[in-house]
Amino acid sequence: MKNIIKSLISQISSKDSEQSDFKKFQKIIGYNFNNPSLLVAALTHTSREPASTKGSPFERMEFLGDSILGLIVSEELFLEFPEYSEGELSKLKSKIVSRKMLALISNKIKLKNFIIFNTDSAGKGGLNSILSNTMESLICAIYLDGNIEKARKFIVQFIMNNYPTQLKKGHLTDYKSKLQEFTQAEFQTTPDYQIIKAEGPEHEKVFTIQVTIKDEIYGLGKGSSKKEAQQSAAMHACKKLGL
C-alpha cells in the first residue's frame, strides 16, 4: 500500500498544493489527512497533471474510489431494505452513485472551490463529470490515507445521509426509460430524440433536444450534454402524457 501511495503522490506538483487552502477543505469534510499529499493528488484533475504522466494518478484514484463507493452504498442499502429485490436495490444504487447525484453532493462540500483543473477540460463531459469523478477520487484518498471505515463514514455522512431528499432535489428519475416503457406499451414504438441546437463554446456547450413520438413533438429539453438534454426532454414528455 505504501508503494501505491508513493507512486500516486510523486507525480503531483507541490506547487499546485500551495494554491488552495486544503486545511479548510479538510475541516469541511471532517477528515484530516495524515498524508496531505494524497488529498492534493485526489483534487488534481488530469488536465493539470504533467504531460509525461503515465497511469494518471487522478484516473487511477477515480477507478478505485468508484468501486469503494459502490461497495459501501450496496452494503448500506442491503441492510436498510431487507425486503427489496436485487433489481430494486440495483436501481436505487445506480441513482445514488450517479454522476448527477455526486455532483449535487459536491456542492455541499464546496468541492469546486478546491479542485485543481483547467476550465477548458469541462467541455468533454461538463462540470458535473469533473465534480463526480473528483468525488470518487476523494473517496479513494480517504480510503488510502485511513481505511475502509473512514471512507464509509464520509460516504454515509455526505452521500447516504438524507439521500431520498437529495434524489428528489436532483430530479434523478430516469425519464428516458420511463417514457420508453410507456411508448412501447401504448404506441408500440420508441421515442425519437433530435438535436435542435448546440450553442456556446466547446467547453460550455448547451444542447437543445426535442423528443417525438410518431412524428409528434412531446417535449423540448436543454442540457450541458446530449444525455442531460434528452433526460430533460423526456421529463417534459412524461409530464405532457401525465406520467
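What the table below lists for this structure:
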{"read-out": "Filtered residue count, the stretch 67-79, keeping only those that are farther than 14 Å from PHE154 by Cα and surrounded by 18 or more Cβ atoms within 10 Å (Cβ to Cβ)", "value": "1"}
{"read-out": "LYS176 touching a strand residue (DSSP E or B) at 6+ places or on another chain (Cβ under 9 Å), within 21 Å of ALA103 (Cα to Cα) and at pLDDT below 95", "value": "yes"}
{"read-out": "Test: residue in the stretch 183-199 that is at pLDDT below 95 and under 16 Å from the mean Cα position of the chain (by Cα)", "value": "no"}
{"read-out": "Cβ pairs under 7 Å, 6+ apart, first in the stretch 80-92 and surrounded by 11 or more Cβ atoms within 10 Å (Cβ to Cβ), second not in a helix (DSSP H, G or I)", "value": "LEU89/PHE81"}
{"read-out": "Within the stretch 101-122, considering residues that are surrounded by fewer than 17 Cβ atoms within 10 Å (Cβ to Cβ) and not polar (S, T, N, Q), the one modelled with the lowest pLDDT", "value": "ASP120"}
{"read-out": "Inter-residue pairs, beta-carbon under 7 Å, first over 20 Å from LYS100 (Cβ atoms) and outside the structural domain of GLN231 (by TED's automatic domain parsing) and in the stretch 146-172, second of a type in the set (A, V, I, L, M, F, W, C) and at pLDDT 95 or above, 6+ apart", "value": "LYS150/ILE142; ALA151/ILE68; ALA151/ILE72; ALA151/ILE139; ALA151/ILE142; ARG152/ILE72"}
{"read-out": "Test: residue in the stretch 224-237 that is over 24 Å from the mean Cα position of the chain (by Cα), on the phi > 0 side of the Ramachandran plot and at pLDDT 90 or above", "value": "no"}
{"read-out": "Filter result (free of Cβ contacts under 8 Å to residues at least 40 places away in the same chain, of a type in the set (Ser, Thr, Tyr) and either part of a strand (DSSP E or B) or buried (at least 16 other Cβ atoms within 10 Å of the Cβ) (or both)) within the stretch 182-231", "value": "THR183, THR208, THR212, TYR218"}
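The values are calculated or read from the model by the stated rules, or taken from the named source; none is laboratory data. From a predicted model like this one, the values you see are computed outputs, not experimental measurements. Cβ sites come from the backbone with ideal geometry, for glycine too, and all protein chains shown count toward neighbours.
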